[in-house]
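Taking it in order: structure first as structure tokens, then the write-up.
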Ligand code: SF4
């Protein structure tokens, strides 16, 4: 379906160069010890996304924090008594944590850690899109700025997007969706809803290639294919399981297969190995016809997080000069919180059996 309003297309968001942190064992040990001391002094807890480095994921778990998807990171931070939340991930995750935890200080190792989806959906252009379609309910993915969330009616994560869109469709609503065109198209196919789609994409997931994946699967015919729905339709069509990061980790643990081909950021392998030791994980290919390798299955913005930067930020907080704190104007934060809360209330009601979704 082509939109009546010209959707502002950002053809390609150019990601930054990959700057993965490399540490010797001695450096790692020293940095972790230093960070642990500083975290105690500042009453801080670390929440890390599945796509961050193994070092950050390990540190989060060693210090009583959590490793999870963006929503669970914010939920965990809300329930935890620490006064400071350290969010290792990308900027919209820090913002989501702040939206749900306005009374806490939220800091990040690097505030330049962005996301191609967030960058592809500026708040003013999104507002114009909404204004042009006042008859439609607006649903945005979590990978958006606080200002876009504030303008939207609903915020969804990949794990619950299809259910919420199906519910809204059953209530008779027509929808606007932003910013990920692949996830939007997937949700549209699953729900049958009338949706106008923004044209953003994730540089990591868009790079997976169906033809190369078919060849790899032919070499490993017993492998289950796990695909995140930010991937292109041709790749999703080859999946045994389509799901959010948390759902894909659960699939590796639950399914009897010994081998898995995984189409999402390879940072997730650290948690998958821990969840299912002994299983063999293969990266879905990003090489092949039309390959640009903008990411090579790893997010360059996620890679901006590291132990050195985390230690430096905590050090600066100690000296009262932290520049990496998330601040959101209260009028925007309060509106964004309403859109997120709708999703949380829906999830709770659905879990309690109060919402029935038909076929
Ligand atoms: S992996 Fe994709 S969706 Fe996730 S932060 Fe990176 S660019 Fe954004």
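In segment 117-203, inverting the average of 1/r over every pair of distinct C-alpha atoms gives 12.5 Å as the Kirkwood radius.
Working value for the chain: equivalent-ellipsoid semi-axes of 30, 27, 19 Å, each the square root of 5 times a Cα gyration tensor eigenvalue, largest first. Given all pairs of different Cα atoms, what value in angstroms does the Kirkwood hydrodynamic radius of segment 143-270 take? Averaging 1/r across every pair of different Cα atoms and inverting gives 15.5 Å.
For segment 36-148, the square roots of the Cα gyration tensor eigenvalues, ordered a ≥ b ≥ c, give a/c of at least 1.5 with a/b greater than b/c, which places it in the prolate category.
Look at the alpha carbon pairs under 8 Å that are at least 6 residues apart: their mean separation over the length of segment 32-170 gives a relative contact order of 17 percent.
Packing, taken as the mean count of other beta carbons within 10 Å per residue, orders the peptides 341-351, 135-145 from highest to lowest as 135-145, 341-351. Dividing the summed helix terms, -39500 (n - 2.57) for each DSSP H run of n ≥ 4, by the number of residues in the chain produces a 222 nm estimate of -12500 deg cm²/dmol to the nearest 500. Ranked for footprinting exposure by Cβ neighbours inside 10 Å, fewest first, 87, 241 give 241, 87.
Simple spin-label estimate for residue 282 and residue 194 gives 4.4 nm between the two label positions (7 Å along the Cα-to-Cβ direction from each Cα).
The order of the peptides 186-192, 200-206 by mean Cβ neighbours within 10 Å, most packed first, is 200-206, 186-192.
Note on residue 20 and residue 325: with the Förster distance fixed at 22 Å, the Cβ-Cβ geometry gives a FRET efficiency of about 0.30. Determine the shape class of segment 205-283: with a ≥ b ≥ c the square roots of the Cα gyration tensor eigenvalues, call it rounded for a/c under 1.5, and otherwise prolate if a/b is greater than b/c, oblate otherwise. The shape class here is oblate. In whole angstrom, how far apart do the alpha carbon centroids of segment 180-224 and segment 294-328 sit? The distance from the Cα centre of segment 180-224 to that of segment 294-328 comes to 30 Å. Relative contact order, whole percent, for the chain stands at 22, derived from Cα pairs under 8 Å and 6 or more residues apart.
Between residue 338 and residue 240, what is the FRET efficiency for a Förster distance of 45 Å, r being their Cβ-Cβ separation, to the nearest 0.05?
The pair residue 338/residue 240 has a calculated efficiency of 0.75.
With a Förster radius of 41 Å applied to the beta-carbon distance between residue 219 and residue 63, the computed FRET efficiency rounds to 0.50. Per residue, the average separation of C-alpha pairs within less than 8 Å and at least 6 apart gives segment 117-203 a relative contact order of 31 percent.
Taking segment 186-227 and a reference point 7 angstrom along Cα→Cβ of residue 12, the backbone N atoms nearer than 15 Å belong to 201-208.
Quick note: the coordinates plus some simple rules give every number you see, no bench work behind them. Remember, predicted model here, so these are calculated numbers, not experimental data. Positions of Cβ are generated from backbone atoms using ideal geometry, with glycine treated the same way; all protein chains shown enter the neighbour counts.
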